[in-house]
1. Right, A:I163: touching a Ser or Thr at 6+ places or on another chain (Cβ under 6 Å), within 14 Å of another protein chain (Cβ to nearest Cβ) and of a type in the set (A, V, I, L, M, F, W, C) or not?
2. Could you list, in sequence order, the residues of the stretch B:112-169 that are under 21 Å from B:L264 (Cβ atoms) and in the same structural domain as B:A266 (by TED's automatic domain parsing)?
3. Yes or no: A:F229 more than 14 Å from every other protein chain (Cβ to nearest Cβ), crowded, with 22+ Cβ neighbours inside 10 Å, of a type outside the set (A, V, I, L, M) and assigned to a strand (DSSP E or B)?
4. Among residues belonging to the stretch B:241-288 that are in contact (Cβ under 8 Å) with a residue 24 or more places away in the chain and outside any helix (DSSP H, G or I), point out the one that is nearest to the other protein chains (Cβ to nearest Cβ).
5. Which one is nearest to A:K53 (Cα to Cα), of the residues in the stretch A:105-140 that are within 14 Å of another protein chain (Cβ to nearest Cβ) and assigned to a strand (DSSP E or B)?
6. For the stretch A:110-132, which residues satisfy the criterion of being crowded, with 19+ Cβ neighbours inside 10 Å and within 22 Å of B:L112 (Cβ to Cβ)?
7. Is it the case that A:E209 is surrounded by fewer than 19 Cβ atoms within 10 Å (Cβ to Cβ), within 14 Å of chain B (Cβ to nearest Cβ) and closer than 24 Å to A:H127 by Cα?
8. Among helices (runs of 4 or more DSSP H) lying entirely in the stretch B:129-236, which contain 3 or more residues that are in contact with a Ser or Thr (Cβ under 7 Å, 6 or more places away or on another chain) and among the polar types (S, T, N, Q)?
Amino acid sequence: MRHRTFALVTLLAAGILRFPGMAHAADLTGKILFEGQAPVKEVQKADADPTCKAMHPQGIENDSVIVGADGGLKNVFVYVKEGVTGAFETPKESVAFDQSGCQYKPKVFGIQTKQTLEILNSDATLHNVHSLSANSPQFNLGMPIKGMKLKKSFDKPEVMIKIKCEVHPWMAAYAGVLDHPFFAVTAEDGSFTIKGLPAGAYVIEAWHEKFGVQTQNVTVADQPQSLSFNFKAA
Amino acid sequence: MRSVVLHRYALLVAASTLILIAAGGLVTSTDSGLSVPDWPLSYGQVMPPMIGGIRFEHTHRLIAGTVGLLTLGLAVLAWRAERRRWARWLALGAFGTVVLQAVLGGLTVIYLLPDWISVTHACLAQTFLCLVGVLALVTAREWSEAPRIESRYAGSIQRLLITTTAFIYLQLIAGAIVRHSGQGLRYHFVLAFLIALHSLFIILKCSREQGTLRALFGHALLLGGLVTAQAFLGFASFILTRRPGRGEVAPMTEVLSTTVHQTLGALILLVSLLLTLRSYRLLARRRNVPESHAPEPASGVFKGLPS
């Protein structure tokens, strides 16, 4: 009995040491809204590539600003900027990044340092992936064949890394690279959830490609917490 | 005895080089510099699919290859047809420069457009144009046959032209730095003002005597006209590249404005350099007459250009 108790306590202590704050963790949810009139979306002709033109005969809408019906702002990268302590294992699962319909999908995503980014070309045309990272080595990869896959990773945290296609100039995406897993990207309705945030005081930052950054302080206990941001045009 | 064939061939290479510089400008203006990630092949092929930015980058490579071969022909022709040793070496130097330029072009792709390589690649292009242009000048009839003109202003015109040409070359470097790094715009503006002022002084100086008026005035006016046009293009490029709400893709007006501005810069350098060299070839300093003397001497003093 004494040995069993000792083993249980040891396991619990190891768990707490491995995942600090595991005993008290909560989800941080929220919504990001856009105030005012959503900007008119510029339409870019895709004539430079017959394959893209066939897919988008009327052109491709600029996807930098996507505002939902109820004012939710899509593609805002929300992450814990300050307050995270401890080390976190690199996830074994890859983050999927696709070139489909002559656009990058997803447009904004988060990834941990050294986590695998699996880049796929789903189009029957030639694409190119150029990462404009400042803290990690850049890459510029030609992907001429449909179905082609490449794997890359980023060494160091960086918010945000622009990824562009040097063949199709309208294609751009953004990666938020962090050394912890506490980040999210807003959905069409502007909602986001950062899961399992340990108890503590944090600085949360919301980044948007066109509207810049906003930060808020939040203290997380063992109950779900809610947060909201409002962006507006400059 | 000069080689007419060499002269005309040098003109052809110079014209091709200007087209190549324009094609290179289009690559930068459309942000297509890395659309082909490998070198010397393009996506492992001699001829990749000509889509998107690849159209500009690969076309630039094709024209560059053509100019390289033309320059090799120029060097061979000069070596066989030219008796002036320095002219032969000039042609060989031009070939060496174009080979170096090709290597730099490859390095920009392999190392993902580091600013200093891109700026060097841009400036070397202008230098190469000048080498070929000079070869065309020194194989022209005027260079070998025109009599010299005594001028009290020869020294001051030549010094003014050297200074102007030096300013223009510095301006091209500054322009390349602005284009590739976004830095140094204020130096670009200052140099533009200095060049405009100097080109005006050149026109005024060349108009002060009959001899220089006939020999160099038209060339000086051309330089002044090009500099004026360049000032307007520079202003247009500045406004268009900073247009609010500009998306990922540069609009055609911006592409054309910045490309023509860059190409015209190369042409201005060449025109200024050739004017400088012509001033040394055609003008002789008149001795024992200070430049401050105002009155125009009698017409029999000067020897005009051959008809």
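1. When the stated conditions are applied, A:I163 passes them.
2. Once the filter is applied, which keeps residues that are under 21 Å from B:L264 (Cβ atoms) and in the same structural domain as B:A266 (by TED's automatic domain parsing), the stretch B:112-169 yields B:L161, B:T163, B:T164, B:T165, B:A166, B:F167, B:I168, B:Y169.
3. Yes.
4. So the residue we want is B:A250.
5. A:H127
6. The answer is A:I111, A:L117, A:I119, A:N121, A:L126, A:H127, A:N128, A:V129, A:H130, A:S131.
7. yes
8. The qualifying helices (runs of 4 or more DSSP H) are B:154-181.
The values are calculated or read from the model by the stated rules, or taken from the named source; none is laboratory data. None of these values were measured; they are calculated from a predicted model. Glycine gets a Cβ as well: all are built from the backbone with ideal geometry, and neighbour counts include every protein chain shown.
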